[in-house]
1. Within 30 Å of Arg388 (Cβ to Cβ) and touching a residue at least 24 places away in the same chain (Cβ under 8 Å): is that true of Ala113 in this structure?
2. Working only within the range 227-270, note down all residues that are among the polar types (S, T, N, Q) and within 22 Å of the chain's Cα centre (by Cα).
3. Could you check how many residues of the range 55-106 are of a type in the set (Lys, Arg) and farther than 23 Å from Ala11 by Cα?
4. Take the residues of the range 206-226 that are modelled with pLDDT of 95 or more and part of a loop (DSSP other than H, G, I, E, B): which is nearest to the chain's Cα centre (by Cα)?
5. Looking at Leu203, Leu117, which one is farther than 16 Å from Phe68 by Cα, buried (at least 23 other Cβ atoms within 10 Å of the Cβ) and not small (Gly, Ala, Ser)?
6. Going by the structure shown, is Arg199 out of contact with any Ser or Thr (no Cβ under 6 Å at 6 or more places or on another chain) and not in a loop (DSSP other than H, G, I, E, B)?
7. Counting residues that are surrounded by fewer than 22 Cβ atoms within 10 Å (Cβ to Cβ) and free of Cβ contacts under 8 Å to residues at least 40 places away in the same chain, which helices (runs of 4 or more DSSP H) fully inside the range 1-102 reach at least 1?
8. Which residues, counting only those in the range 342-400, are hydroxyl-bearing (Ser, Thr, Tyr), out of contact with any Asp or Glu (no Cβ under 6 Å at 6 or more places or on another chain) and not in a strand (DSSP E or B)?
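The values are calculated or read from the model by the stated rules, or taken from the named source; none is laboratory data. The structure displayed is predicted, hence computed values, not measured ones. Methodologically, a virtual Cβ is constructed for each residue, glycine included, from the backbone with ideal geometry; neighbour enumeration extends over all protein chains shown.
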Amino acid sequence: MLVSDIVRNNARFFGDKEAVVVPGGTTRTWADLETRTTRFANALLGLGLSKGDRIALFSPNCGEFLEFFFATAKSGVIGAAANIRLSAYELSSYLSYVEPTALLVHADLADNARTWLPEVPTIRHVIGFGGDHGFPLDLEQLIADASDEDPKVPVSPDDIYQLGATSGTTGIPKAAILTHRNAIAALQNWLAELPIPERGTALQCIPMFFNPGGPSGLHPVLLKGGRTVIPPAFDPVEFPKLVQEYRVTNTTIVPTMVQMIVSQPGVEEYDFSSLRGIMSGGSPYSVSVLKRAREVLGNVLYPLYGMAESYSCGAVLRPENQFTEGTEQQVSWLASIGKPLTSISMRVVGSDGVDVPHDGTTSGEIWLSGPTMSPGYFNMEEETARSRQGEWFRTGDVAVVDSEGFVTIVDRLKDMIITGGINVFSIEVERAVQAHPDVEQVAVIGVPHERWGEAIHAVVRRRAGSTLTEEELISFAAQRLSSYKKPRSVEFVDALPISATGKILKKELRKRYPGSTQQVAG
């Protein structure tokens, strides 16, 4: 199966049913989407692009995103959606590496694009859409002028479909190669895990440039003739209204979004009974947030673990394993990533190359294998080789496995702090600090220290109205940690730098402390 088969099949069996809904804007059926994406594909070929060439997309969430995914799938042109939150330097650096022949730009970002376009010399065609963009080529005009005959480009399951930018939390993103086989396997993985009805409704909440064309943008709802509702951006106030109005069955959000939604005054007054399954990644749930989410949304959360290189697939903590009460071990599973997805193989491997015992204390690196795994990084043979061990992808995440097989991440290899020659997992310190009731968010990093090499430093966002002091917080953490693990300093901030996928950008924090070994390591 190819990604293009999704729109072709749905046009045949659900042709007059809604495929894309933009609240306050355009609604398109599956038949509309089939015709438009065929014309879109032919328009790209008509500009001289051919199979294997790249086209970048620079846009906020919009209905054209889905058309981009299916048009690239039909034409064989490789899609490369760009992170609109990157700086001009980061964007030009990433796209200069990807070498797109064409760029598709939303009108709202046209002026932004003009600041870095001259730095990407491979771009020969700039196509604007979504309003008054000022570029010579217009997407709607190209679609109107193109043929609606199938382009019949020979595409195989192992051809590259999209390039997925890595999260870029430590530098310029790498481009993970994502094939048609990867995309379909990812969608089928989630279809096997989530309760998804025929003609369900997915609400698009996270940026569609994240893991483009996979579970984050082409939701598995679409495999059963469902529709996608695409607001311009996530808004916790609007979320309940959209769920109620469109009878949303599925969505993808991160825990911070869930907390924002269920904290809204009067949120209980909305009807969430249509919800069936919510994919949720980025960080574990606390007992209090999960309890509140169940009260408001229902028992519908599926915390996930994945990355660009795995097309968002890795592990899931299924609802039957989410305990807010029970034995100490059962409650501890909330901090875990659960167990591997249906078609994913997982190992947790020690430095000796041997799988760690399931004792809940011995740590190792998570290795993944399966049909969703990227074949490698685009034009980066050395990076690809370093990240692989035979058939296994080395994630860089350090974890332990308990006696029941639940996997809990204890740190990233690059985030481990070495203080006085002793390894300290930053996540362990963060969990101790986060336990304080006045702590909203925390990130722990190592900062240069003449005596210990690195000292443990906590960057904290307090809850509104809190007067928590550095001394009080260090004392609180010291009651929960060994002496050498407690923070030596605390910095209070109004906000922490957050990526598009809800991750705290520690690289931005480390920039304040030049010479950090973590910063040098990247």
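1. So Ala113 fails the test.
2. Thr228, Thr249, Asn250, Thr251, Thr252, Thr256, Gln259
3. Within the range 55-106, the subset of a type in the set (Lys, Arg) is 74, 85.
If we keep only those that are farther than 23 Å from Ala11 by Cα as well, we get 85.
Residues meeting the conditions: 1.
4. So, considering only residues that are modelled with pLDDT of 95 or more and part of a loop (DSSP other than H, G, I, E, B), the one nearest to the chain's Cα centre (by Cα) is Gly226.
5. Testing whether each residue is farther than 16 Å from Phe68 by Cα, buried (at least 23 other Cβ atoms within 10 Å of the Cβ) and not small (Gly, Ala, Ser) leaves just Leu203.
6. So Arg199 fails the test.
7. Numbers: elements: 3-13, 30-46, 64-75, 88-98.
The qualifying helices (runs of 4 or more DSSP H) are 3-13, 30-46, 88-98.
8. Thr342, Ser343, Ser351, Thr361, Thr362, Ser363, Thr372, Thr384, Ser387
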